[in-house]
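The next block holds one structure in the form of structure tokens; read it before the comments.
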Amino acid sequence: MRCRRCRAPAVIEVRRHNAGFCSTCFLRHCAEQVRRAIEEHKMVAPGERVLVAVSGGKDSLALWDLLLDLGYQADGLYLGLGIGAYSDESGAYVRTFAESRQARLVEIDLPSRFGFGVPEGAAAARRVPCSACGLSKRHLFNQAALNGGYDVVATGHNLDDEAAVLLGNVLRWSTDYLGRQEPVLPEAAGFARKVKPLIRLGEREMAAYCVLRGIDYIVEECPMAEGNRHLGYKAALNLIEEASPGSKQAFYTGFLARGLPHFRPESEEDRGELKPCTTCGAPTPSGQCAFCRLVDSVAAVGESTPVPVPTRRRRARR
Ligand code: SF4
Ligand SMILES: [Zn+2]
Ligand SMILES: [Zn+2]
């Protein structure tokens, strides 16, 4: 197979585009897709400061690398989740990348700052780990952006992630979530803008990008991901994509163009008035915000007792 752009031997085939790319053209293709997503959805304006939420995985490190190369003022934010060796290793990958690019990295460590990690928080609040983790990330990313004077928080959700979330929301007809599944969540009082610049690139492309750019990332799946429904949705979508390349992108972009406008009004109506959290001041429907309640539930069970972290699984290769 030859490169679609320069006819040199291809190193990667992207079946969705029915095209092969040589290394140089593939890296350009990735940058082009990010630039187009940012422009099309007005994610970042010139001169704005971006805070990239980096986990140590391929997507967020590739996103940070791409934003820096595209000339954005992009700092990284790493949240230590207290998930045993997985967190130690993922933090090390993030620090190595930041150093190699001489980029600024902001770090928040959940256990040393709040006295618990995701496993302990989830056990105390009787939530599944991904729920305790997700709400902590949303709260702390937003707070870090506001405190640091950033205009926008960028996350590494790629096309596969968004299509899997969409499938889950459609299977349950979660119309409120469907109305909010936007690539850009605009800024509002107490909230920084949230953007997903990787929506035009798939998981496999991001892994190839990191390999070709020499970016080391954590390959293992988070050990708390067991039972996460999105992994099953991704597997189902991969089967469909295998038989019919381009389906995943058509599903997601078709939703943005033709589905989302139907659900947006209902979702906007559902958003009631927000008041400052009685503990931290973050906007919340009433009383304490979900993160402060999580902190309090850990305090209520006394000294945070370490919860064993499950054995790690290798990420399934496709
Ligand atoms: S798999 Fe769940 S617990 Fe692990 S990082 Fe993702 S959201 Fe957090
Ligand atoms: Zn080429
Ligand atoms: Zn709060």
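The values are calculated or read from the model by the stated rules, or taken from the named source; none is laboratory data. Note that the structure is a prediction, hence the values are computed from the model and not measured. Reconstructed Cβ throughout: ideal geometry from the backbone, glycine too, with neighbour counts over all protein chains shown.
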message = Test of understanding: among 163, 144, which residue is surrounded by 22 or more Cβ atoms within 10 Å (Cβ to Cβ) and in contact (Cβ under 8 Å) with a residue 60 or more places away in the chain?
response = 163
ask   = Does the range 117-128 include one or more residues that are part of a loop (DSSP other than H, G, I, E, B), surrounded by 22 or more Cβ atoms within 10 Å (Cβ to Cβ) and either more than 16 Å from ligand 2 (Cβ to nearest atom) or not small (Gly, Ala, Ser) (or both)?
value = yes
task = Considering only the range 170-189, state which residues are part of a helix (DSSP H, G or I) and buried (at least 21 other Cβ atoms within 10 Å of the Cβ).
result = 178
inquiry  = Among (1) over 19 Å from residue 67 (Cβ atoms); (2) touching a Gly at 6+ places or on another chain (Cβ under 6 Å); (3) not β-branched (Val, Ile, Thr), there is one condition residue 136 misses while meeting the rest; what is its number?
reply    = (2)
key: residue 61 closer than 22 Å to residue 194 by Cβ and away from ligand 1 (no atom under 16 Å from the Cβ)   = no
message = Could you check the range 68-96 and list, in sequence order, the residues that are under 23 Å from residue 33 (Cβ atoms), in contact (Cβ under 8 Å) with a residue 60 or more places away in the chain and either surrounded by fewer than 24 Cβ atoms within 10 Å (Cβ to Cβ) or of a type in the set (Val, Ile, Thr) (or both)?
response = 75
request  = Output the residues belonging to the range 1-39 that are within 11 Å of ligand 2 (Cβ to nearest atom), exposed (fewer than 14 other Cβ atoms within 10 Å of the Cβ) and either in a strand (DSSP E or B) or of a type in the set (S, T, N, Q) (or both).
outcome  = 2, 9
request  = Go through the range 147-156 and count every residue that is without any contact (Cβ under 8 Å) to a residue 40 or more places away in the chain and either within 16 Å of ligand 1 (Cβ to nearest atom) or β-branched (Val, Ile, Thr) (or both).
outcome  = 0
inquiry  = Can you find, within the range 265-292, the residue that is modelled with the lowest pLDDT among those that are surrounded by 16 or more Cβ atoms within 10 Å (Cβ to Cβ) and part of a helix (DSSP H, G or I)?
reply    = 267
